[in-house]
Amino acid sequence: MIDMTKSSLLDRQLAHGVLRLTVGINTLIHGVGRLFGAGGAAGFAAKTSGLFVGTPLPQSLVYAFLIVLPFAEAILGVLITLGLLTRWALTLAGLLIAVFVFGTSLRSDWTTVGLQMIYAICYYLLLRNLAENYFSVDTLLTRDRRHSA
């Protein structure tokens, strides 16, 4: 007979792992694509900063943010994909999405804001259910510490 408690826990852990892996890969590829795409980070920043002309944001600030963004996305993507420093990586990625929503709202691009809100919901769900983060480097490190103590 199947123990429904263990089955349910495993299902939640698998669900968390699959969503975390998917969101992590998405974030990682955003960053890597911007780093190694046409013109690299500078080309991405130059092209994208033009979208913010006419907003109250200073162009120099927008450009500086966009230069750093691909590196931040790549690093956060790796951490989230692996499940390493998961709480902080998800928190920072969620705050990054909040910055995206702010900037995109200033442009009145509500369709893109809607898509960004889906990312925000994913980060919320992953953080809210962090106790289910079993299939991760964090869990391996915690398990190793417990066994060596």
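What residue, among those in segment 115-143 that are surrounded by 15 or more Cβ atoms within 10 Å (Cβ to Cβ) and of a type in the set (S, T, N, Q), is farthest from THR48 (Cα to Cα)?
Only one residue tops the list, namely THR139.
Identify the residue in segment 41-63 that is in a helix (DSSP H, G or I) and either without any contact (Cβ under 8 Å) to a residue 12 or more places away in the chain or out of contact with any helix residue (DSSP H, G or I) (no Cβ under 8 Å at 6 or more places or on another chain) (or both) and, among all such residues, is nearest to LEU96 (Cα to Cα).
Ranking the qualifying residues of segment 41-63, first place goes to LEU61.
Could you look through segment 101-114, keep only residues that are surrounded by 13 or more Cβ atoms within 10 Å (Cβ to Cβ) and assigned to a helix (DSSP H, G or I), and pick out the one that is farthest from the chain's Cα centre (by Cα)?
Filtering segment 101-114 for residues surrounded by 13 or more Cβ atoms within 10 Å (Cβ to Cβ) gives 101, 103-107, 109, 112-113.
This time we only want the ones that are assigned to a helix (DSSP H, G or I), so: 101, 103-106, 112-113.
Values: VAL101: 14, GLY103: 17, THR104: 17, SER105: 19, LEU106: 22, THR112: 16, VAL113: 16 Å.
Among them, the one singled out is LEU106.
Here is a yes/no grid of residues against (1) polar (S, T, N, Q); (2) outside any helix (DSSP H, G or I); (3) without any contact (Cβ under 8 Å) to a residue 12 or more places away in the chain:
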position	(1), (2), (3)
ALA72	no, no, no
THR81	yes, no, no
LEU84	no, yes, no
CYS122	no, no, no
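Would you please name the residue that is nearest to the chain's Cα centre (by Cα), looking only at residues in segment 7-32 that are closer than 12 Å to ASN133 by Cβ and either of a type in the set (Lys, Arg) or at pLDDT below 95 (or both)?
ARG20
Restricting attention to segment 10-40, which residues are of a type in the set (A, V, I, L, M, F, W, C), part of a helix (DSSP H, G or I) and surrounded by fewer than 15 Cβ atoms within 10 Å (Cβ to Cβ)?
Residues of segment 10-40 of a type in the set (A, V, I, L, M, F, W, C): 10, 14-15, 18-19, 21, 23, 25, 28-29, 32, 35-36, 38.
Okay, now just the ones that are also part of a helix (DSSP H, G or I), so 10, 14-15, 18-19, 21, 23, 25, 28-29, 32, 35-36.
Answer for segment 10-40, where residues must be of a type in the set (A, V, I, L, M, F, W, C), part of a helix (DSSP H, G or I) and surrounded by fewer than 15 Cβ atoms within 10 Å (Cβ to Cβ): LEU10, LEU14, ALA15, VAL18, ILE25, ILE29, PHE36.
The values are calculated or read from the model by the stated rules, or taken from the named source; none is laboratory data. Quick caveat: nothing in here was measured; it's all calculated off a predicted structure. Neighbour counts run over all protein chains shown; Cβ positions are idealised from the backbone, glycine included.
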